[in-house]
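For reference, the structure is listed below as structure tokens.
What follows is calculated from the coordinates using simple rules that are stated; it is not laboratory data. Note that the structure is a prediction, hence the values are computed from the model and not measured. Positions of Cβ are backbone-derived with ideal geometry, glycine not excepted, and every protein chain shown enters the neighbour counts.
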Amino acid sequence: MKKYKEQLSKADIKRACDILRRDDGVGPGNYVEQLSWLLFLRVFERVEKELKELTEAEGKRYKDIIEKEYRWSSWAKKDWKDKDELIHFINKKLFPYLRSLKGTREKEKVADVFRELDGNKIRSPYTLLDVVDILDEIDMSHFQDTHLLSHVYEEILQEMGSENGWSGEFYTPRPIIRLMIKIINPKLGETIMDPFVGSGGFLVETFDYISQNIKMGVKKWDILQNKTFSGQEKKPLPYLIGTMNMMLHGILVPNLIRTNTLMEDVHNVSETSKVDVILTNPPFGGQEHKTVQNNFPIKVAATEALALQYVMRKLKNGGRCGIVLPEGQILFGTGAFQKIREELLQKFNIHTIISLPRGVFTTVGAGVKTNLIFFEKSGSTKEIWYGKVAGNFTKVQSIKDVHLDDIFVRWQKKEISSNTWIVSIDQIKQNNYSLVPINPNKQEEKRKTKSKKEILNDISNSISKAKKIINKLNNMLNE
């Protein structure tokens, strides 16, 4: 009988990552992907056990998703006399089998995950067996182990952002997500979507939020598992990570689709595909081709501008949205950007905008200034409550839930203070529909919009000064 450790150590999973990094075929860029598929199969045995219990509790016969030969407990615990046979089994039997599964939603979910992977990158059987030994020590029936494992996995995703400087595109700091969820307040029975799902943080935290606020029964559990959450993700690695993360947090068969959300034509969105709640951090700073822009009423290249148009059209009447947007053209630009904001203000009630400090996303590789925008499909905007989160955050000093407590308390009361204020729709219209948070309580934050002539004069003066400096340097060199 397997003897498990008293408690899984955070260091154990970190050690597995270090072992994977050293393998010739893996390295720094692929270790999370390789850890994820191994964890997926390790966790999936528990998932199958729970699905079997739920099915039999309803008086139905359960059909295995993964056949016995391909389950973790069969090949991971086998005494491989010829170690190279293990790598051959993984590459030539396990992956082809998992990729070919079909017939049920659960089987197709497993097949989707493994089809998106390039395959097993681990070359050394000894590397694989060392990692298997560590993962095999996790007692999947032990709540503490699975709970800790989900948190460790989150930390690995954060660290990956710091190492590679690119996971900011699909990892949102969890305190920010939890604040957004509290403001949106999603409920059981509502359909909840993240069209740019990344690592699944919004769906995972919403699942926890609803679970903690209801008395769970079989019927409610079924609604929460099968009729509540959906997500879409463009890239294969975050798709795998999002699926894995949701399973670790208790969403047994995640309803995630690997697709480029912006490729969907939103000119005529069917009512049946609309949702009650959207919580998301879309990709920003990117540019989309004209073929993608044609899917949207207002054509613009910026990904954040297309993403905003998408969520506006995917909400049901009465639906609610919380979205992270950069403090760029989408909030104050003219032309197409202004048209999008005008439509948003006219057709939706933007009730809250919370300004975040620049360093909030630094820990995951992005130092962009961002805002949280909250709106409802319940009529036009009359006024917006603004709040500004204080603090200096860096890779070392990351944002915590406690840093957001004050702004949430003030939001609940719609309080006006030194860092919170209200702006009427008339004021917004007078300012070219700009939504940029400018605190009226702090004069130094007020911005003056310069005319084109003033901007040209500034440029001319700068060029003149630069020429004088260059001439002075040339004279010095000649002397």
**Message:** Checking the a/c ratio against 1.5 first, then a/b against b/c, what shape does the Cα gyration tensor give for the range 165-445?
**Reply:** rounded
**Message:** Please compute the contact order of the chain in relative form: average sequence separation of alpha-carbon pairs under 8 Å and at least six residues apart, divided by the residue count, as a percent.
**Reply:** 12
**Complete:** Between the Cα axis of helix 201-212 and the main Cα principal axis of the chain, the angle (0 to 90°, nearest 10) is 70
**Message:** Using only the alpha-carbon atoms, how far is helix 236-248 inclined from the longest principal axis of the chain? Give it as 0 to 90 degrees, nearest 10.
**Reply:** 70
**Ranked list, fewest to most other Cβ atoms within 10 Å of each Cβ, for TYR239, TYR126** = TYR126, TYR239
**Asked** Got a sec? Charge dipole of the chain, +1 on Cβ for Lys and Arg, -1 for Asp and Glu; which of LEU128, LEU240, PRO283 is way out at the positive end?
**Response** PRO283
**Asked** Given a cut-off of under 8 Å on Cα pairs at least six residues apart, what relative contact order in percent is computed for the range 10-163?
**Response** 35
**Asked** Relative to the Cα centre, what is the charge dipole magnitude of the chain, using +1 at the beta carbon of each Lys and Arg, -1 at the beta carbon of each Asp and Glu, and rounding to the nearest 20 debye?
**Response** 1380
**Item:** Cα-based helix-to-principal-axis angle, 303-314 vs the chain, degrees rounded to 10
**Value:** 70
**Complete:** Interchain or sequence-distant (5+) residues whose placed amide H lies within less than 5 Å of the amide H of ILE422 are TYR386
**Asked** For the range 19-115, rounded, prolate or oblate, judged on the Cα gyration tensor with a ≥ b ≥ c (square roots of eigenvalues), a/c < 1.5 rounded, else prolate if a/b > b/c?
**Response** prolate
**Request:** Give me Rg over Rh for the chain, both radii from the alpha carbons and Rh done the Kirkwood way, two decimal places.
**Result:** 1.03
**Prompt:** What whole number of Å gives the distance from the Cα centroid of the range 238-268 to the Cα centroid of the range 304-357?
**Reply:** 22
**Message:** Return the Rg/Rh ratio of the range 204-351 with Cα-based radii and a Kirkwood Rh.
**Reply:** 0.99
